Amino acid sequence: MHNRFLALCAVFFLAACAPKRIPGTELEDTGDTRAILSVMEKYRAALEARDAKAIQALVSPKFRDDSGTPDDPADDLTASNLEAHLQALFQKVQNPKVDFNVRRVEFHEDEDIALAIYYWNASWRMPGLNARPQSDSELEQMVFQKVGGDWKIVSGI
């Protein structure tokens with residue numbers, strides 16, 4: 001009986017020492033993790049609203065994305081050309097719907113850098129290209145940097 005009590009106490013002690021998780025996820029519940037998720041939710045909502053200015057406000061001045069073509073700098077996105085690119089794209093897209101499933105958030109605190117590994121599902125209509133609804137999904141990585149105390153997107157949109 002005494003051994004069972006000790007084992008039960010050990011289990012409760014170990015459970016109390018485990019990191020707190022954000023409900024419904026395996027993500028550690030910290031202020032920085034929640035801040036990253038908040039930025040990602042604002043980005044998702046801005047995509048659905050086709051709001052280029054809102055997305056521009058979420059990116060770091062160091063933002064850079066090679067658009068999946070590292071050998072072709074002609075289509076690279078930067079903080080300076082992102083808003084115009086998105087405005088042109090959003091004029092062609094109708095009814096975008098986006099879902100994110102964040103799998104992992106890693107922090108590199110010595111550099112104020114964070115990485116979010118996420119799976120996205122998107123659907124949209126682009127009548128000028130195809131009459132049928134389009135969809136896509138993929139596992140991606142978004143990189144963040146703390147700028148003035150706020151997390152901003154550096155790449156991965």
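Structure values in brief
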| quantity | calculated |
| --- | --- |
| Extreme residue, nearest to VAL147 (Cα to Cα), among residues of region 26-44 that are assigned to a helix (DSSP H, G or I) and in contact with a helix residue (DSSP H, G or I) (Cβ under 8 Å, 6 or more places away or on another chain) | VAL39 |
| Identity of the residue in region 45-61, touching a residue at least 40 places away in the same chain (Cβ under 8 Å) and assigned to a loop (DSSP other than H, G, I, E, B), that ends up surrounded by the fewest Cβ atoms within 10 Å (Cβ to Cβ) | PRO61 |
| Meets criteria (buried (at least 17 other Cβ atoms within 10 Å of the Cβ) and of a type in the set (Val, Ile, Thr)) for VAL147 | no |
| Where ASP112 falls short, out of the listed (1) surrounded by 12 or more Cβ atoms within 10 Å (Cβ to Cβ); (2) at negative phi; (3) out of contact with any Phe, Trp or Tyr (no Cβ under 8 Å at 6 or more places or on another chain) | (2) |
| Given (1) surrounded by fewer than 18 Cβ atoms within 10 Å (Cβ to Cβ); (2) among the polar types (S, T, N, Q); (3) not in a helix (DSSP H, G or I), index of the condition GLN91 fails | (3) |
| Meets criteria (under 24 Å from GLY148 (Cα atoms), modelled with pLDDT of 70 or more, assigned to a strand (DSSP E or B) and of a type outside the set (A, V, I, L, M, F, W, C)) for GLU106 | yes |
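The values are calculated or read from the model by the stated rules, or taken from the named source; none is laboratory data. Fair warning: this is a prediction, and the values are worked out from it, not measured in the lab. We place every Cβ from the backbone using ideal geometry, glycine too, and count neighbours over all the protein chains shown.
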